[in-house]
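Take a look at the structure below.
The values are calculated or read from the model by the stated rules, or taken from the named source; none is laboratory data. Being a predicted model, the structure only gives us computed values, none of them experimental. Cβ placement follows ideal geometry from the backbone for every residue including glycine, while neighbour counts extend to all protein chains displayed. Side chains included, ligands, DNA and RNA excluded: accessible areas come from the protein's heavy atoms. Shrake-Rupley method; radii C 1.70, N 1.55, O 1.52, S 1.80 Å.
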Amino acid sequence: MGRHGDHVGAARRRPTCAERRAWLRFGAGVATLLCLVGVLFVGPAVVRSSDAAHRTTITCHVTAAEGEVRSTHSRGITRTTPQVVVSTSDCGELLVREGVTRTNTEQIATRFHPLGRYRIEVGAASWHIRHLLQAIRRDPLVYGFEPTS
């Protein structure tokens, strides 16, 4: 006999409704946790990797380009990111970070003058999910640009 008088090989009792609900809640919690890990950690890495391998060229009407140094704080550590924010009337905001330093942000911003139509190379994955990125205040990165002729 087992601990509670059960016989080995005896039929198991069916779980109660409350027990099934508890397991369902536990499973839903685990699934939610896995989704959050995927969205917060795996997703951005996949998008960065895809952007590095796949680029697309878009044509946008540039209305402004300004150099800035953005500061972010996390766990007591301050990180500064020099970048050029490119405002467009038809493609939203785009960021130039590649090759941008604290000392050359304005110089790179002036490369968008005269304002007007530009061919801009961006990561394909970021461009396709740009509306989702805008919802979390992220803008697609620019990898190259030239004025249209």
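If D90 passes every condition in (1) surrounded by 14 or more Cβ atoms within 10 Å (Cβ to Cβ); (2) touching a Cys at 6+ places or on another chain (Cβ under 7 Å); (3) over 21 Å from R48 (Cα atoms) but one, which one does it miss? The failed condition is (1).
Out of the stretch 100-119, which residues are modelled with pLDDT under 95, farther than 14 Å from V85 by Cα and either hydroxyl-bearing (S, T, Y) or assigned to a helix (DSSP H, G or I) (or both)? The one that is modelled with pLDDT under 95, farther than 14 Å from V85 by Cα and either hydroxyl-bearing (S, T, Y) or assigned to a helix (DSSP H, G or I) (or both): T103. Note on the stretch 67-84: residues that are without any contact (Cβ under 8 Å) to a residue 24 or more places away in the chain and surrounded by 15 or more Cβ atoms within 10 Å (Cβ to Cβ) total 2. Looking at A109, A64, just one residue is open to solvent by less than 60 Å² (accessible area, probe 1.4 Å) and out of contact with any Gly (no Cβ under 8 Å at 6 or more places or on another chain), and that residue is A64.
Taken together, the residues in the stretch 120-134 that are in a helix (DSSP H, G or I) and closer than 14 Å to P44 by Cβ amount to 4.
The residues on offer are R79, R21, and the sole one that is part of a helix (DSSP H, G or I), basic (K, R) and over 17 Å from the mean Cα position of the chain (by Cα) is R21. In the stretch 39-53, the count of residues that are within 21 Å of A135 (Cα to Cα), assigned to a strand (DSSP E or B) and either open to solvent by 90 Å² or more (accessible area, probe 1.4 Å) or without any contact (Cβ under 8 Å) to a residue 24 or more places away in the chain (or both) is zero.
Residue count for the stretch 52-64 satisfying the condition of being among the aliphatic types (A, V, I, L, M) and more than 22 Å from the chain's Cα centre (by Cα): 2. A search for C-beta distances below 8 Å between a residue of the stretch 12-29 that is open to solvent by less than 70 Å² (accessible area, probe 1.4 Å) and any residue that is modelled with pLDDT of 85 or more and assigned to a helix (DSSP H, G or I), counting only pairs 6+ apart in sequence or on different chains, returns P15/W23. Among residues that are open to solvent by 20 Å² or more (accessible area, probe 1.4 Å) and modelled with pLDDT of 95 or more, R97 is not included.
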